[in-house]
Amino acid sequence: MADSAKLGTNFTGVQMSPKDTKRLLDAVNEIHPDVPGDSKGIMLERTTRAEDADRIGSVPVPGSAKGMLKSTFDMALGKSPELLVDKLGERLAFERSGVRMYDAMIAKAKAISMADSDLIGVLQHIRDEEFEHMNMVAEAIETLGADPTAQTPCADIAGVKSMGVMQVLTDPRTNIAQGINALLTLELEDNAAWELLIELAEAGGHPRIAKGFHKAKEQEDDHLIKIKTLLRRDLVRQVQ
Ligand SMILES: [Fe+2]
């Protein structure tokens with residue numbers, strides 16, 4: 001794994017061959033796509049399909065008989081408990097994959113011969129807090145009488161969305177700064193998502209759940225600062 005970007009033979013830009021670039025531009029005018037239509041066609045197709053499509057899954061019904069038996073069961077289910085359960089399911093999926101992504105980043109950091117123990121320590125600290133958040137959300141879902149093992153629609157989408165970040169982190173060729181940059185994407189969303197979740201829990205009539213989530217939000221604020229600092233430190237060091 002390389003530490004930083006290096007100069008090398010890269011043929012992807014047009015400046016590599018001005019002569020071929022001219023021929024390419026000429027070809028664009030001479031050879032037309034063999035598929036009729038333009039980008040309007042795909043837009044129309046997407047609109048038609050969106051109109052006909054079903055939803056992405058459904059939310060399990062909260063307040064199950066099993067959930068009702070729990071002494072911690074929160075009777076105030078609010079106006080749309082399914083929305084809160086859906087967003088809690090999303091947070092649970094996100095925090096769970098967050099733990100795995102930090103594990104991937106720690107492995108990457110350890111691969112560097114002169115392993116920076118400070119870097120690994122920070123990553124481990126954030127990883128452990130994401131794990132804490134995961135358990136906190138699972139508990140909140142149970143409090144609402146719902147099933148934390150069910151994949152909600154937003155949880156499904158969270159998994160799809162994080163695929164790119166996971167690919168960057170598990171690619172053995174990506175370096176520390178590239179990995180941390182991928183984690184920054186994660187932390188920026190994590191931060192905004194906790195903020196929204198607290199608001200939703202409060203608006204939905206669950207002040208106790210919201211109160212517990214404030215601790216997670218404070219930790220997420222700290223994650224964001226730590227990841228931004230790590231990225232800045234790694235890159236600025238290289239340009240100086
Ligand atoms: Fe985080």
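The values are calculated or read from the model by the stated rules, or taken from the named source; none is laboratory data. As the structure is a prediction and not an experimental result, all values here were calculated from the model. Note that each Cβ is placed from the backbone with ideal geometry, even for glycine, and that neighbours are counted across all protein chains shown. For accessibility, only protein heavy atoms count, side chains too; no ligands or nucleic acids. Shrake-Rupley method; radii C 1.70, N 1.55, O 1.52, S 1.80 Å.
Overview of values
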| item | result |
| --- | --- |
| Number of the condition not met by Lys6 [criteria: (1) under 30 Å from Val168 (Cβ atoms); (2) at pLDDT 85 or above] | (2) |
| Residue that is assigned to a helix (DSSP H, G or I), under 21 Å from Val168 (Cβ atoms) and modelled with pLDDT under 95, where the choices are Ala104, Ala109, Ala93, Ala115 | Ala109 |
| Lone unmet requirement of (1) modelled with pLDDT of 95 or more; (2) in contact with a Pro (Cβ under 8 Å, 6 or more places away or on another chain) for Gly63 | (1) |
| Pairs, first more than 15 Å from Met105 (Cα to Cα) and polar (S, T, N, Q) in the stretch 216-236, second at pLDDT 95 or above and part of a helix (DSSP H, G or I), C-beta under 8 Å, six or more apart | Gln219/Glu129; Gln219/Glu132; Gln219/His133 |
| Candidate set from the stretch 191-213 (those that are within 16 Å of the ligand (Cβ to nearest atom) and touching a Leu at 6+ places or on another chain (Cβ under 8 Å)); member that is farthest from Val137 (Cα to Cα) | Asn191 |
| Top-ranked residue in the stretch 96-126 [being within 15 Å of the ligand (Cβ to nearest atom), more than 17 Å from Leu231 (Cα to Cα) and without any contact (Cβ under 8 Å) to a residue 60 or more places away in the chain; ranked as most open to solvent (accessible area, probe 1.4 Å)] | Arg96 |
| Criterion: surrounded by 11 or more Cβ atoms within 10 Å (Cβ to Cβ) and modelled with pLDDT of 90 or more - qualifying residue of Gly57, Gly78 | Gly57 |
